[in-house]
Amino acid sequence: MCVFLFSFPQKSFGNERPTTLVSSYSPTTIVNLIYKNGRLSIKGLTGVGTIQIYSIIGNKVAVFNQVDLYDFQRDIALEPKTMFIVRIETAGEIKTYKLVTR
């Protein structure tokens, strides 16, 4: 992770200090979630993690505990034309994605 510090001078009134803005930049990983012919595929992740799938109203649809995320593929029946939330938890990181089935 890269951290950039920017200092913007302001007019000083007494003991006031200049404003410092902290901005962070980290390169993003492209993750592809594909649901086709009843099979969910996730590409772009590595390591071991837990995958949870929720309906848009928050009902848990499926859980895959401690699975290898590299080239993850599982057969799962998801309702067509519906949005789901996919939560992927790895060591120290949680990623959340939207998945819309066709």
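The values are calculated or read from the model by the stated rules, or taken from the named source; none is laboratory data. Since we're looking at a predicted model, the values are computed, not measured. All Cβ positions, glycine included, derive from the backbone under ideal geometry; neighbour counts span all protein chains shown. Heavy atoms of the whole protein, side chains included, go into the accessibility calculation; ligands, DNA and RNA do not. Shrake-Rupley method; radii C 1.70, N 1.55, O 1.52, S 1.80 Å.
What net charge is computed for the residues neighbouring ILE53, neighbours being all others with C-beta under 12 Å from the C-beta of ILE53, Lys and Arg scored +1, Asp and Glu -1?
Details: positive: LYS60, ARG74, ARG87, LYS98; negative: GLU79.
Once positives and negatives cancel, what remains is +3.
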Checklist entry - So what's the net charge close to PHE84: Lys and Arg +1, Asp and Glu -1, counting the other residues with Cβ under 11 Å from its Cβ? => result +2
Checklist entry - Which cross-chain or sequence-distant (5 or more) residues have an amide H under 5 Å from the amide H of VAL61, H modelled 1.01 Å from N in plane? => result ILE53, TYR54, SER55
Item to check | Value of D in µm² per second that Stokes-Einstein yields for the stretch 45-102, Kirkwood Rh from Cα pairs, at 25 °C (0.890 mPa s) | outcome: 207 µm²/s
Item to check | Accessible-area order (highest first, 1.4 angstrom probe) of the listed residues LYS43, LYS98 | outcome: LYS98, LYS43
